[in-house]
Amino acid sequence: MEAIVRACETERWPARIAAVISNKADAKGLAFAQAHGIPTAVVPSKAFATREAFDAVLQETIDGFAPDLVVLAGFMRILTAPFVEHYAGRMLNIHPSLLPLFPGLHTHRQALDAGVVEHGATVHFVTAELDHGPGVLQARIPVLPGDTETALAERLLEKEHVIYPQAVRLFIEDRLRIEDGEVRILETFAG
């Protein structure tokens, strides 16, 4: 989230961050957002008996800020199908693997256990199927001899902080099209 906010500010995107919303009141991103003049909100997931009830209030909170795009960053919850459908084609997530490889949790461990020589991250549109939405951008890193989950995660995070803002900017510039379940990136034209 911080990388996206910084890119928006330094690159002077023709957009603004409408709000930062968390399900945890102590999330560090909330203080960062407030320091940058970005509105914040907290919808505590533990206050709701069901995932559906939480998602309904979360959706109402998000919609109150009227964003064109919802960007998940460090939000580790499975969202209900109606919530995802409400934001279809305008909700992005980043996953620390080269999807479709290693969806779900513990991706770095999965990559090491599988013995792959390359690992990475994928920015994708969110669909009801976990970590299976159309991919926008990927970043790749080699798996080095002696790598640990921590080492992989740290090296990959640097790449994530590059591709996630790039993907958001492509959306803002109206350069992403989903056609037949695949993302097509439109080229820019001078003139």
Among Pro145, Ala41, Phe75, which residue has its Cα positioned farthest towards the positive end of the charge dipole of the chain, with +1 placed on the Cβ of Lys and Arg, -1 on the Cβ of Asp and Glu, and the dipole taken about the Cα centre?
Ala41
What's the ranking of 119-128, 144-153, 92-101, 157-166 by average number of surrounding C-beta atoms within 10 Å, highest first?
119-128, 92-101, 157-166, 144-153
Name the residue from Gly135, Leu98, Phe65 whose Cα lies farthest towards the positive end of the charge dipole of the range 2-185, charges +1 on Cβ of Lys and Arg and -1 on Cβ of Asp and Glu.
Phe65
Considering only the chain, percent of DSSP beta bridges that pair antiparallel, nearest 5:
75
Residues whose modelled amide H sits under 5 Å from the amide H of Leu176, counting only those 5 or more places away in sequence or on another chain, are Leu186
Residues with amide H under 5 Å of Val70's amide H, sequence separation 5 or more or different chain, H placed in the peptide plane at 1.01 Å from N; which?
Met91, Leu92
Helix-derived mean residue ellipticity, 222 nm - over the chain, DSSP H n ≥ 4, -39500 (n - 2.57), to 500
-11000 deg cm²/dmol
What number does the chain give for Rg over Rh if you use C-alpha atoms and the Kirkwood radius?
0.96
Between Ala49 and Met76, 0.36 nm times their residue separation minus their Cα-Cα distance comes to what?
8.0 nm
³J(HN,Hα) across the range 133-140 via Karplus (A = 6.51, B = -1.76, C = 1.60, θ = phi - 60°), whole Hz, x for Gly/Pro?
x, x, x, 9, 9, 10, 10, 10
Highest GNM mean-square fluctuation, the chain, Cα pairs closer than 10 Å: which of Arg169, Arg16, Arg90?
Arg16
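Bear in mind that the values in this text are calculations on the coordinates, not laboratory data. Note that this is a predicted model, so its numbers are computed, not measured. When we count neighbours, we look across all protein chains shown, and the Cβ atoms used for this are built from the backbone with ideal geometry, even at glycine.
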